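Enquirer: What follows is a single structure, and I will ask about it in a moment.
The values are calculated or read from the model by the stated rules, or taken from the named source; none is laboratory data. Small disclaimer: the values here were computed from a predicted structure and weren't measured. Cβ placement follows ideal geometry from the backbone for every residue including glycine, while neighbour counts extend to all protein chains displayed.
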Amino acid sequence: MDSLKILLVLTAFKSSLTAKQACLAAATGIKKGAGSGVKIVLMPVSDGGDGFLEAVQSGRVLRLVAVTVTGPLGRPIRSRYLMGTLEGHKTAFIEAAKICGLAQIAPGRRDPMRATSFGVGQAIRHALENGAAQIYLGLGGTATQDAGCGMAQALGYRLLDGRGRAIPRGAAGIGLLDRIDSSGVNPRLGRVKIFGLCDVVNPLLGKLGSTRVYAPQKGATPSQVAAIERHFKRWDSLVKRDLGLCVGGAPGAGAAGGLGAAILAFGRGKILPGTKTLLEILNAERLIQEADIVIVGEGKLDRQTLYGKAPGVLSERAKKAGKKVWGIFGQADRDAPAVAQKLGLDQWISLTQLAGGSGKAMAHAYRYVSQAAFVLAQNQA
């Protein structure tokens, strides 16, 4: 396998490895299985959720900016975002999960009725003050279900109850919302382009909406799910009345507890497909063209992989470029062989298969990703 160039394009293996860790583990296995003559290029990817900053930073020269913001449950936390130049414009890259993410709260303390996106608005405001002309906000992995009301408040929107008082932060406060006053909005907001990145297409409301699909994962009880859905309907009607916008049904509006809808309503921004946009930022097409083999991977291989997820997008592009594509996945369901065939994977392997069980695979994911890459390299040899 000497003189081959292998491109490693893995996403995070949730609860086990970041995308960068997964790529490093695979690189270790490839080197053992194929020898030192193989050139390996690492390109960790993200759909906009956990690992978004790490993925962006892997392919560009960017400055890390430290900022103190409000965490999901109201306490100050230290966070960071990235600043750099993209297509000639000063650009900020912000990851919502690093500010109000589920990973920051112990499972027993998660409370979607209280959790706020206020810190996201503070980070956006900080980026505006640093001269950002455009902002890419990675959505996903948040503990919030507040339709971005916290973000809006941090940017100067006054969200008022029937007596003219500011509503409390969190989903519970939306039930008191009576009026949206935009007279005090940060003036810089109107001069910046904001893009929300995610691969989910869920709207804000309904059976496939943010609350019914994602709120239970954030600790919401059935009664809380019903309450948040009612609050979101109220939010949607007031956004139509006071801002003149209809955003609740937009694809991606339900991302990050409704933060996608807030980007559309309060930021007057756009929702972009996370994986495809990140691949453009990283100039993935050039890297794919230069590679002989592309290795994709994520936590699970199933039919969802075919619908906009990184392995599916990358496999399609690599096959069009005439490259071999290998896959490393944490788990594989019963549809996996058919999905792998549709993706055009030349060979693939799951960590569960190697470890003999999902628990062991998750507990020692780095070792098994490395072993999986070793096996793939040995098969090729």
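Enquirer: Would you check which residues across segment 62-119 are touching an Asp or Glu at 6+ places or on another chain (Cβ under 9 Å), hydroxyl-bearing (Ser, Thr, Tyr) and free of Cβ contacts under 8 Å to residues at least 60 places away in the same chain and list them?
Expert: Ser79, Tyr81, Thr116
Enquirer: Still on this structure: Of all residues in segment 98-114 being touching a helix residue (DSSP H, G or I) at 6+ places or on another chain (Cβ under 7 Å) and within 11 Å of Ala256 (Cβ to Cβ), which is surrounded by the most Cβ atoms within 10 Å (Cβ to Cβ)?
Expert: Going through the qualifying residues, I end up with Cys100.
Enquirer: Working carefully through the options Arg169, Arg165, Arg212, Arg191, find the one that is charged (D, E, K, R), buried (at least 23 other Cβ atoms within 10 Å of the Cβ) and on the phi < 0 side of the Ramachandran plot.
Expert: Details: Arg165 fails: buried (at least 23 other Cβ atoms within 10 Å of the Cβ); Arg212 fails: buried (at least 23 other Cβ atoms within 10 Å of the Cβ); Arg191 fails: buried (at least 23 other Cβ atoms within 10 Å of the Cβ).
Only one candidate qualifies: Arg169.
Enquirer: Turning to a different aspect of this structure: Could you check Asp146 against (1) charged (D, E, K, R); (2) modelled with pLDDT of 95 or more; (3) within 16 Å of the chain's Cα centre (by Cα) and say which number it fails?
Expert: Tallying (1) charged (D, E, K, R); (2) modelled with pLDDT of 95 or more; (3) within 16 Å of the chain's Cα centre (by Cα), Asp146 fails exactly one: (3).
Enquirer: For segment 299-353, give me the residue count where each residue is within 23 Å of Leu278 (Cα to Cα), among the β-branched types (Val, Ile, Thr) and at pLDDT 95 or above.
Expert: Total meeting the criteria: 2.
Enquirer: When the residues of segment 283-313 are filtered to those that are part of a helix (DSSP H, G or I) and not assigned by TED's automatic domain parsing to the domain that holds Gln353, which remaining residue is nearest to Gly344 (Cα to Cα)? Give the steps one after another, and end with the answer.
Expert: Let us first name the residues in segment 283-313 that are part of a helix (DSSP H, G or I), namely 284-290, 303-306, 310-313.
Then drop every residue that is not not assigned by TED's automatic domain parsing to the domain that holds Gln353, which leaves 284-290.
Working: Ala284: 19, Glu285: 18, Arg286: 20, Leu287: 19, Ile288: 15, Gln289: 17, Glu290: 19 Å.
Only one residue tops the list, namely Ile288.
Enquirer: Moving on to the next point. I'm told Gln380 meets every condition in (1) over 25 Å from the mean Cα position of the chain (by Cα); (2) on the phi > 0 side of the Ramachandran plot; (3) touching a residue at least 60 places away in the same chain (Cβ under 8 Å) except one. Can you identify the failing condition by its number?
Expert: Failed condition: (2).
Enquirer: If a residue counts only when it is at pLDDT 95 or above and under 20 Å from the mean Cα position of the chain (by Cα), which strands (runs of 3 or more DSSP E) contained entirely in segment 164-282 have at least 2 such residues?
Expert: Once the strands (runs of 3 or more DSSP E) in segment 164-282 are filtered for at least 2 residues that are at pLDDT 95 or above and under 20 Å from the mean Cα position of the chain (by Cα), what remains is 193-198, 270-273.
Residue-by-condition table, conditions (1) assigned to a helix (DSSP H, G or I); (2) in contact (Cβ under 8 Å) with a residue 12 or more places away in the chain; (3) touching a Gly at 6+ places or on another chain (Cβ under 8 Å):
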{"position": "Ser315", "(1), (2), (3)": "yes, yes, yes"}
{"position": "Lys319", "(1), (2), (3)": "yes, yes, yes"}
{"position": "Arg334", "(1), (2), (3)": "no, no, no"}
{"position": "Pro337", "(1), (2), (3)": "yes, no, no"}
{"position": "Gln341", "(1), (2), (3)": "yes, no, no"}
{"position": "Trp348", "(1), (2), (3)": "no, yes, yes"}
{"position": "Leu354", "(1), (2), (3)": "yes, yes, no"}
{"position": "Ala372", "(1), (2), (3)": "yes, yes, yes"}
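Enquirer: Enumerate the pairs (first residue in segment 255-268 and crowded, with 24+ Cβ neighbours inside 10 Å; second residue anywhere and assigned to a helix (DSSP H, G or I) and among the small types (Gly, Ala, Ser)) with beta-carbon separation below 7 Å, excluding pairs fewer than 6 apart on the same chain, so at least 6 apart or on different chains.
Expert: So the pair list comes out as Gly257/Ser210; Gly258/Ser210; Ala262/Ala152; Phe266/Ala152.
Enquirer: Identify all residues within segment 145-163 that are of a type outside the set (S, T, N, Q) and not in a helix (DSSP H, G or I); write none if there are none. Explain how you work it out, then say what you get.
Expert: To start, the set of residues in segment 145-163 that are of a type outside the set (S, T, N, Q) comprises 146-152, 154-163.
If the condition is that a residue be of a type outside the set (S, T, N, Q) and not in a helix (DSSP H, G or I), then Asp146, Ala147, Gly148, Leu155, Gly156, Tyr157, Arg158, Leu159, Leu160, Asp161, Gly162, Arg163 are the ones that fit.
Enquirer: Here is a follow-up. Condition first: touching a His at 6+ places or on another chain (Cβ under 7 Å) and under 29 Å from Phe52 (Cα atoms). Can you find one or more residues in segment 164-184 that meet it?
Expert: Initial filter on segment 164-184 (touching a His at 6+ places or on another chain (Cβ under 7 Å)): 171, 174-175.
Next, from what is left, pick out any that are under 29 Å from Phe52 (Cα atoms): 171, 174.
Yes, some residue in segment 164-184 is touching a His at 6+ places or on another chain (Cβ under 7 Å) and under 29 Å from Phe52 (Cα atoms).
Enquirer: Sticking with this structure for a sec: Answer yes or no as to whether Ala34 is small (Gly, Ala, Ser) and modelled with pLDDT of 90 or more. It would help to see each step written out before you state the result.
Expert: On the way: small (Gly, Ala, Ser): yes; modelled with pLDDT of 90 or more: no.
So Ala34 fails the test.
Enquirer: While we're looking at this one, here's another question. Residue check: is Ala132 at pLDDT 95 or above, part of a loop (DSSP other than H, G, I, E, B) and closer than 13 Å to Ile263 by Cα? Show your work before the answer.
Expert: Values: at pLDDT 95 or above: yes; part of a loop (DSSP other than H, G, I, E, B): yes; closer than 13 Å to Ile263 by Cα: no.
Criteria not met by Ala132.
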